[in-house]
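The values are calculated or read from the model by the stated rules, or taken from the named source; none is laboratory data. This is a predicted model, so every value here is computed, not measured. Backbone-built Cβ (ideal geometry, glycine too); neighbour counts: all protein chains shown. Note: accessible area is taken over every heavy atom of the protein model, side chains too, but ligands, DNA and RNA are not part of it. Shrake-Rupley method; radii C 1.70, N 1.55, O 1.52, S 1.80 Å.
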Amino acid sequence: MEFTEAYKQTGSYAFSSNARFLAVAVDYRLVIRDVLSLKVVQLFSCLDKITYIEWAPDSEYILCGLYKKPMIQAWSLTQPEWTCKIDEGPAGVAYARWSPDSRHILTTSEFQLRLTVWSLVNTACIHVQWPKHRSKGVSFTKDGKFAAVCTRRDCKDYVNLLSCHTWEIMGVFAVDTLDLADGQWSPDDSAIVIWDSPLDYKVLIYSPDGRCLAKYQAYESGLGVKSVSWSPCSQFLAVGSYDQMLRVLNHLTWKVFAEFVHPSAVRGPCCAAIFKEVDEKLDMSELSLGDDFFQYSNDNASEAHIQVRYNVLEIPINLPSQKPPADKPNPKQGISLMSWSSDSQYICTRNDSMPTVLWIWDINHLELAAILVQKDPIRAVAWDPTCQRLVLCTGSSHLYMWTTSGAYSVASICGNGSEMELRWELSFSQRQGVILLCCSGDTARIQ
């Protein structure tokens, strides 16, 4: 595995959709660098400090959120002299995003008064009143032809279907929620899933014409849905709940066909491989090393002579867990992180009451495939788009990988960051995966 050099950064950052460029905000300046060489490709100056960056899907344009101003500025990599400024006036700008065609910008005003679609082609704008959320509640079909915008008026939640060609409202239908949390198109664009706030467990499946295809409620009392994710094949819908269970629905009957529990104690019978991260001290006494090496080792005593690897554990085993306090809101409990493999055969999950444990489930056999027990809380995970390989990071100086043949760690050049982002993109040749790793102080590209 090869690493590029680490690039130190402290501001907002974003990788382009084609994984070729890295945008970094330095106060009011936007610096575009080549991912391979980290050389500066373009340099743009905004009117105020940059607080948010987002690339267009075609990687030709990039927008900067100047939320303190508040306004949006957009730039073009192919036409450096071109620029665009969006100012909502007294309504303000709370959030901005690109449309799938990369030629429209959608902004949400303060207090969710309206969602505005701005055209970069003819400077036209279209308004959608009362969006439900600032950054959530907007989902596009995979082909980019339609958008579902969640709105709320008269104490009722609605879904507005918009054509991404003309941006006309194609239809509006009410949804049976008390306080809609979010919505998402299925990957095959055949259905829309809507789920309620954690106070009311409710998952609803709607067809694009507004028909309710299914309604699912696992239980009535207690906090409800925490995360929802479609499988890439659109045949499965995974629902993570505060009761520390993962439930998977099928697309034919919309019934639950698998329930995966996350116990703190794993007992038999269990065919899963359990890997635990350990530090192994290396014996350097028999090696003939120079004074320079020992001087380096003394300066880096915390990491010197230490090898990070996995031990394979036998069941029964007690996993590290923590009980959230009962008197505080938003308990750290339940399934908040989940990710499907590209072939929809595996799904990995993290239970927030066991932040150092990653569970990997085999959907074909409806069983637990592996458990990874880390020393530090798991920050991010990503599947290889070309094969059944998973990479995860914990904020340490290592990356961790799992395949069906085992698990291993790789020493990286980034680490010890409070915020981390991990993406696995296809390389330019579309033949191999490229890991894009960002932490709060470093940026690296790994091949």
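Restricting the first residue to region 29-48 and requiring it to be in contact (Cβ under 8 Å) with a residue 24 or more places away in the chain, which pairs with a second residue that is open to solvent by 80 Å² or more (accessible area, probe 1.4 Å) and of a type outside the set (S, T, N, Q) meet a Cβ separation below 6 Å and a spacing of at least six or different chains? Filtered contacts from region 29-48: ARG33/VAL40; VAL35/ARG20; CYS46/TYR28. Looking across region 222-236 at every residue that is aliphatic (A, V, I, L, M) and part of a strand (DSSP E or B), the one that is surrounded by the most Cβ atoms within 10 Å (Cβ to Cβ) is identified as VAL225. Applying the criterion of at least 3 residues that are in contact with a Ser or Thr (Cβ under 9 Å, 6 or more places away or on another chain) and crowded, with 16+ Cβ neighbours inside 10 Å to the strands (runs of 3 or more DSSP E) found wholly in region 171-221 leaves 180-185, 192-196.
Of all residues assigned to region 112-132, none qualifies as being surrounded by 15 or more Cβ atoms within 10 Å (Cβ to Cβ), closer than 21 Å to SER12 by Cα, touching a residue at least 12 places away in the same chain (Cβ under 8 Å) and not basic (Lys, Arg).
Just to be sure before I move on: is GLY240 open to solvent by less than 10 Å² (accessible area, probe 1.4 Å) and either outside any strand (DSSP E or B) or modelled with pLDDT of 95 or more (or both) in the structure I sent? First the steps, then the outcome.
Details: open to solvent by less than 10 Å² (accessible area, probe 1.4 Å): yes; either outside any strand (DSSP E or B) or modelled with pLDDT of 95 or more (or both): yes.
For GLY240, the condition - open to solvent by less than 10 Å² (accessible area, probe 1.4 Å) and either outside any strand (DSSP E or B) or modelled with pLDDT of 95 or more (or both) - is met.
Of all residues in region 155-170, those that are β-branched (Val, Ile, Thr) and surrounded by 20 or more Cβ atoms within 10 Å (Cβ to Cβ) total 1. Considering (1) under 27 Å from GLN217 (Cα atoms); (2) open to solvent by 20 Å² or more (accessible area, probe 1.4 Å); (3) part of a loop (DSSP other than H, G, I, E, B), the lone condition that ARG152 does not fulfil carries the number (3). Number of residues in region 243-262 that are surrounded by 14 or more Cβ atoms within 10 Å (Cβ to Cβ) and either within 17 Å of ILE360 (Cα to Cα) or touching a residue at least 60 places away in the same chain (Cβ under 8 Å) (or both): the value is 10. Residues that are free of Cβ contacts under 8 Å to residues at least 40 places away in the same chain, acidic (Asp, Glu) and either touching a strand residue (DSSP E or B) at 6+ places or on another chain (Cβ under 7 Å) or on the phi > 0 side of the Ramachandran plot (or both) within region 172-206 comprise ASP176, ASP179, ASP196, listed in sequence order.
Checking each residue of region 134-141 against the condition of being closer than 26 Å to TYR242 by Cα, of a type in the set (Gly, Ala, Ser) and in a strand (DSSP E or B) gives at least one match.
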